[in-house]
Amino acid sequence: MSSKRRVRAVRTAAALGAAVLGAVALGTGPAPAADRTPVWDLKDTGTDVRFRGLAAVDRHTAWVAGSKGTVLRTTDGGAHWRTVSPAGAAELEFRDIEAFDARRAVALAIGEGDASRIYRTDDGGTTWTESFRNPDAKAFYDCVTFFDHRNGLAMSDPVDGKYRILSTRDGGRSWKVLPSAGMPAAQTGEAGFAASGQCLVASGPKDVWLATGGGATARVLHSRDRGLNWTVTDTPIPAGDPARGVFGLAFRDRTHGIAVGGDYRADQPSPRAAAVTGDAGRTWTPSATAPPAYRSGVAWLPHSRSAALAVGPTGSDLTIDGGRTWRTVDTGSYDTVDCTSDGACWASGEKGRVARAGHPSS
């Protein structure tokens, strides 16, 4: 990155941080609009589908993927959205999308058996190629992630007692199942949550983490070699029920991470809904002040070593101390969040909701 671009990115990140911190300082109670700094600027997508898949490229460009086979893309900061759904996908449920730029993206549809599919586009969604269709009735794919423009992984709920991992080395154009010898055994009832596209996340060229729930304990699995061998650690986020566990992960580097989750049922409490690690996931510590309810998505603010946002159906929370304490800064419903290097954060969720926070002049 050039020095001018780096300075501009830092300035826009500072603007985003100021906007969010302004909301924190003012609290979440009623206040005149002129006296408050909004966290999210809600965009009109023209649809009511739920977008659990989100890929933010920069403050201008973002992709969202959701129910009814819907994929949208904006290149003007959310002012206008183009429907770029794959042909014949109306019955599919997209839950994750990873974008390399405004033209290239990989989208994951979830479901049992052949409902789990992966598509790739190289022309901004004008056309898509189906690059994977799950042939195993026992597999159910939840999330996809990329280390770079060529190397990526997708994960399925346990098959024959172990999580199944797909690998690509050509940017999602083709996929193969990795050997399971290095994968620890799953707990009874354990699975991933296809809630935000963040149950499988990568940082750097080889490190990847997998979030789980539904078993006796909520766990995070870590691989240092692109999914061939894994270690596993319990987290303090409550589990012991199919609706509880770790729903989303974010790592700002290969060492420092945040896990969020809880119980997704609206009538159930979610104590200890966040945890942090400073050793690549070998140990997890519960947040001293956790988000007040279930959260499904989390992202580090651009160019920050200590600030992050968590989102869920009942609101958005900010931490400025690396996940140790959180404060609610917005009460809108979102499922997932993603931030970009030029200082913008995007969020998406139910009823076609997509919003952006960040660069004040764009």
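Here are some notes:
- Residue check for Asp58: assigned to a loop (DSSP other than H, G, I, E, B), acidic (Asp, Glu) and surrounded by 15 or more Cβ atoms within 10 Å (Cβ to Cβ): yes
- The listed residue being at pLDDT 50 or above, hydroxyl-bearing (Ser, Thr, Tyr) and surrounded by fewer than 18 Cβ atoms within 10 Å (Cβ to Cβ), out of Thr70, Thr83, Thr45: Thr83
- Residue list for segment 191-215, filter: free of Cβ contacts under 8 Å to residues at least 40 places away in the same chain and farther than 23 Å from Asp279 by Cβ: Gly214
- Index of the failed condition, Ser333 passing every other in (1) among the polar types (S, T, N, Q); (2) in contact with a helix residue (DSSP H, G or I) (Cβ under 6 Å, 6 or more places away or on another chain); (3) in contact (Cβ under 8 Å) with a residue 24 or more places away in the chain: (3)
- Restricted to segment 263-362, the set of strands (runs of 3 or more DSSP E) holding at least 2 residues that are crowded, with 18+ Cβ neighbours inside 10 Å, touching a Pro at 6+ places or on another chain (Cβ under 8 Å) and of a type in the set (A, V, I, L, M, F, W, C) comprises 274-277.
- Residue count for segment 97-118, restricted to those that are crowded, with 17+ Cβ neighbours inside 10 Å, farther than 20 Å from Phe193 by Cα and not small (Gly, Ala, Ser): 2.
- Qualifying residue in segment 148-169 (condition: buried (at least 20 other Cβ atoms within 10 Å of the Cβ), among the β-branched types (Val, Ile, Thr), under 22 Å from the mean Cα position of the chain (by Cα) and under 15 Å from Gly66 (Cβ atoms)): no
- Enumeration of residues in segment 223-251 that are among the basic types (Lys, Arg) and in contact with a Leu (Cβ under 9 Å, 6 or more places away or on another chain): Arg226
- Verdict on Thr129 being surrounded by 20 or more Cβ atoms within 10 Å (Cβ to Cβ), over 24 Å from Gly204 (Cβ atoms) and either modelled with pLDDT of 95 or more or of a type in the set (Val, Ile, Thr) (or both): no
The values are calculated or read from the model by the stated rules, or taken from the named source; none is laboratory data. Being a predicted model, the structure only gives us computed values, none of them experimental. Please note: Cβ atoms are built from the backbone with ideal geometry, for glycine as well, and neighbour counts cover all protein chains shown.
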